[in-house]
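Report on the following structure.
What follows is calculated from the coordinates using simple rules that are stated; it is not laboratory data. Computed from a predicted model, the values in this text were never measured in an experiment. All Cβ positions, glycine included, derive from the backbone under ideal geometry; neighbour counts span all protein chains shown.
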Amino acid sequence: MTFEPVIGLEIHAQLQTRTKIFCGCRTSFGAPPNSQVCPVCLGLPGALPVLNRRAVDYAIKAALALGCEVQPLSIFARKNYFYPDLPKGYQISQYERPLALGGGLDITVSGRATRVGLTRIHMEEDAGKSLHDGFPDSDRRTYIDYNRSGVPLIEIVSEPDMRSAAEAAEFFARLRDILVWLGVNDGNMEEGSLRCDANVSVRPAGQERFGTKVEVKNVNSFRYLYMALEYEIDRQIDVLKSGGRVVQETRLWDSAAGRTLTMRSKEEAHDYRYFPEPDLPPLVVDEARIATVRETMPELRGARRQRFILDYGLPEYDADVLTDWVELANYFEKVADASGNPKAASNWVMGEVLRALKEHNALIDEITLTWDRLAGLIALIDKGTISNSIAKDVFAKMYDSGRSADDIVAAEGLAQIGDEGALLAIVRDVIAKHADAAAQFRAGKNQTFGFLVGQVMKGSGGKANPTLANQLLKRELEHT
């Protein structure tokens, strides 16, 4: 019997606000444990939550980008359960009336296009973090850091539309790209600001009814999501083929062992005893607010990528790289427009700019080489003032000093030798010094021409105009 997996994802994305969702505590990662807490996020008696307006706007922005319908009224609820990292004994979330419904994302894996629908996007607060220390288990200690408690989250719940681990990993990756592009999430899965729970079941191919689903909890990379789902699909198929029954439960991915492990039996929604949060009024989002948020949204990556191909004539590869993140796309577009040479701008940004950022461990908005100065460097190349090889040296000096290309070229005398008389003298000197190579070229050994060109460039200190140098050298070799 052939089996088919059915997969849906629940993605938790921390919103990039400076403060928590219901209080004024900071959300910065890496602070000393329990240094960013207050009576509200610790759930102390008498403390009342106040909703973070920016968190709502970020959630709306994500919903609009994913084609969701933002609800005019949503309600916060208390999700009751006990866990050491949940200080109040309940989590403020949304249940029956979420912020947004519907929407979806198109993905393509191995030539198969799939529309993955979204069920809902709702807002909630993050829990604290349990830190385990000690080995063996008899000496184990668990510590609680509540800094993360109250950090704003959106939970994005997909429909069970994915049919392979590869599709799930692609959906997660595409979703991350969108959230990071919008600036609502930093995409840092290692720090836990983006996490994924996967619901997976298997059924005989062609069967309409779903199998018993298992939740794989807190997967923090695309690779681990793929590996966890591949393992879990195979495990469930083996259980069914052996005549067993898949048990509904929550499992954890053990990356060291390469397997999923039982965590707990799966709770149903009624186990959480949801009820409306009495300390928060309903969240009202009118059309004017949606319009205001929409105006702040950048052009989405897919649309911008397509525009770079159509308007700037870039290859698909270039457009993919240049739209990897929004700041890079902005930088490229300014260079391309100012220089009037989009392909050259693309080559320099993808090459020297990205290489320099990597070497200096810098972000594009920290770069000392501003977009207008890079455009000026490209203009000097296009005018023939400097060669590409000289331009790379100029680029390095521009990056280190912040000076313009014009200043560096003028101060160091780096302009190309474009004077025919001056260059002809260098060409004739090279031919005289390398008469054997010249004779070999005249005898039909064309590969010596490259050697002679190199000698001309060397004799000019790398400043000879390459096109003119080639023309003069060829003319002298053929007519002397």
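Computed quantities for the displayed model
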item	result
Cβ-defined net charge surrounding S193, 10 Å radius [Lys, Arg +1; Asp, Glu -1]	-2
Spread of Cα-to-Cα distances over 10 Å intervals beginning at zero, given as percent, for the stretch 1-77	14, 35, 28, 14, 6, 2
Inter-site label distance for D337 and Y81 at 7 Å from Cα along Cβ, in nm	4.9 nm
Between 0 and 90°, nearest 10: helix 466-479 axis offset from the chain longest Cα axis	40 degrees
Loop trypsin sites (Lys or Arg not before Pro), the stretch 404-474, which have at most 14 other Cβ atoms in a 10 Å radius of their Cβ (DSSP)	K445
Computed FRET value (nearest 0.05) for R442 with A415, which takes r as the C-beta separation and R₀ as 45 Å	0.85
Net charge dipole size for the chain [Lys, Arg +1 and Asp, Glu -1 on Cβ; Debye, nearest 20]	420 debye
Rg over Rh, two decimals, the stretch 419-480 (C-alpha only, Kirkwood Rh)	0.92
Protection proxy ranking of 163-172, 271-280, 18-27 - average other beta-carbon atoms within 10 Å, highest first	163-172, 18-27, 271-280
Reach of K397 by Cα under 16 Å, taken over aspartates and glutamates that are not fewer than 8 positions away in the same chain	E352, E359, D372, D406, D407, E412
Förster radius 45 Å - calculated FRET efficiency between S389 and N34 (Cβ-Cβ, nearest 0.05)	0.20
Kirkwood hydrodynamic radius over Cα pairs of the chain, then Stokes diffusion coefficient at 37 °C and 0.692 mPa s, in µm²/s	122 µm²/s
Alpha-carbon Rg/Rh ratio, for the stretch 100-174, with Rh computed the Kirkwood way	1.20
Distance (nanometres) between label positions extended 7 Å along Cα→Cβ at V50 and R355	5.3 nm
Potential lengthening between D286 and L73 on full extension [0.36 nm per residue; Cα-Cα distance subtracted]	75.8 nm
Fully extended contour minus Cα-Cα distance, from M1 to A113, at 0.36 nm per residue	37.8 nm
Sites Y317 and S265 - FRET efficiency at Förster radius 51 Å, r taken between beta-carbons, to 0.05	0.60
Note, ³J(HN,Hα) from phi for the stretch 382-389, Karplus 6.51, -1.76, 1.60, rounded to Hz, x at Gly and Pro	5, 7, x, 5, 9, 8, 4, 5
Residue-by-residue Karplus 3J(HN,Hα) for the stretch 439-453, coefficients 6.51, -1.76, 1.60, Hz, glycine and proline x	5, 5, 5, 5, 7, x, 8, 5, 5, 6, 4, x, 4, 5, 4
Potential extension, D133-D234 segment - 0.36 nm per residue separation minus Cα distance	33.1 nm
Spherically averaged projected area in nm², based on the convex hull that wraps the Cα atoms of the stretch 298-412	6.8 nm²
